[in-house]
Amino acid sequence: MDQAISPVARPEAPVDPVDTIRAFTDTGPVVRAERRSVDEDESRRANGPDWDRYADEYQATHGPFLGAAGFVWGPEGLTEADLGVLGDVSGKDVLELGSGACQCSRWVNTQGGRAVGLDLSGRQLQHSRRLDEQTGVVVPAVQATATDLPFADDSFDVVFCSFGALQFVSDIAHALAETVRVLRPGGRFAFSITHPTRWMFPDDPGPEGLIAAQSYWDRTPYVEVDDETGRVSYVEHHRTLGDWVSLLSGAGFRITDLVEPEWPEGHERVWGGWSRTRGVLTPGTAIFGADLLG
C-alpha cells in the first residue's frame, strides 16, 4: 500500500500560518512507501529526524487548532475538558509521552497539575519553549524516547499520550513496561491513537478513503524510505483493538474507557486523512483510559 497512514499526513500545506514560526520551504526528502518489518532502533533513527523536519510545518498548520495551552485528543477536536479521561489532575505529577510542543501538558498545568513533557524531536521541544515564553505557563520537558524513560520508579500519578509516541514505537510492550515503572500504584494511563480500523483504508480525506484496501489484521509497519539515500525516514506501527486490550491487561492495567469520537456537527476541518466525509461514517480516533492495578 502506498498511502500514508499517519495522524500528520505529511506533507501538508499550512492552513493556519503563524508568523512567529520560521517559514518552511522544504517538506523533506522524496520518499517511497513500503510495508515491512522495522525494529525499535530503526524506528527511532527514522522518526526523530522526521519530526525535526516536520515540526515547523506541523506547528504552523495545527498550532492554532491545538491551542498554546490546549488539550485536544484528536482531529475531531474533542478536548480533555470535554471528556475528563485523565480525571482530576490538580496536585498530581503528570507525564506526557510524545508531547510535541507540550500544549496538552501546558493545559494540565493550568488545571493545577505538575506536568512534564517528553519527545524524541528536539525541534518540537524548541517550539515548546517558544510557547512557554508566549503563555507564561512553563512545562519542563526532556528529549527522550518512550522506551527508555529518564525518570525514577513511581514518579507520576498520570501518564498520557495524545497522538504521540505510541504509534511510532516498535517495542510497544517495553514502552508499556516503562510506563508501568514510572507510574505510582493506582496511577492513570490514557492515550489517543489513529483508530485501528483506519489501517484498512487509504489515508485520503475524500471518498477514496472509504474503500477498504487491505487487511485490518496486517500488522506490517508502514515505512517511508528516502529515495536518494535508501534510509528509512519514517515508520508507523499498527495494532488492532484486540492487541491494545491484550497489551494493556498484560501490563497490569484495568481498561476503564474506550472513546471513539463521532464527527462533531459543524466541524469542517480537514487534517490529513481526517474529514467530515469520512468522519460521519467511520471512526478516526480511539482514546483509551486505564488504571494501573495496585
Next item on the list: Output yes when any residue across segment 92-102 is touching a Pro at 6+ places or on another chain (Cβ under 8 Å), among the aliphatic types (A, V, I, L, M), buried (at least 20 other Cβ atoms within 10 Å of the Cβ) and at pLDDT 95 or above, and no when none is.
Entry: no
Note to self: Restricting to segment 165-223, and then to whatever is surrounded by 22 or more Cβ atoms within 10 Å (Cβ to Cβ) and of a type in the set (Lys, Arg), can you tell me which residue is nearest to Trp51 (Cα to Cα)?
What the structure shows: Arg198
Notebook entry, point to check: Residues that are out of contact with any Cys (no Cβ under 6 Å at 6 or more places or on another chain), among the basic types (Lys, Arg) and free of Cβ contacts under 8 Å to residues at least 60 places away in the same chain: which strands (runs of 3 or more DSSP E) entirely in segment 222-285 hold 1 or more of them?
Noted result: 253-259
Margin query: Pairs needed: first member in segment 108-121, outside any strand (DSSP E or B); second member anywhere, crowded, with 20+ Cβ neighbours inside 10 Å and polar (S, T, N, Q); C-beta distance under 8 Å; at least 6 residues apart or different chains.
Written below: Leu120/Asn47; Leu120/Thr145
Item checked: Of residues in segment 39-55 being buried (at least 20 other Cβ atoms within 10 Å of the Cβ) and in contact with a His (Cβ under 8 Å, 6 or more places away or on another chain), the one nearest to Trp271 (Cα to Cα) -> Ala55
Check: Only one of (1) closer than 27 Å to Ser121 by Cα; (2) modelled with pLDDT of 95 or more; (3) surrounded by fewer than 14 Cβ atoms within 10 Å (Cβ to Cβ) fails for Ser249. Which number is that?
Finding: (1)
Note to self: For the condition assigned to a strand (DSSP E or B) and either surrounded by fewer than 17 Cβ atoms within 10 Å (Cβ to Cβ) or over 17 Å from the mean Cα position of the chain (by Cα) (or both), what is the one hit in Asp132, Asp88, Asp82, Asp157?
What the structure shows: Asp157
Check: Restricting attention to segment 64-104, which residues are under 17 Å from Leu166 (Cα atoms) and either among the aromatic types (Phe, Trp, Tyr) or without any contact (Cβ under 8 Å) to a residue 40 or more places away in the chain (or both)?
Finding: Trp73, Cys102
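The values are calculated or read from the model by the stated rules, or taken from the named source; none is laboratory data. As the structure is a prediction and not an experimental result, all values here were calculated from the model. Ideal geometry is used to build each Cβ from the backbone, glycine not excepted, and the neighbour counts take in all protein chains shown.
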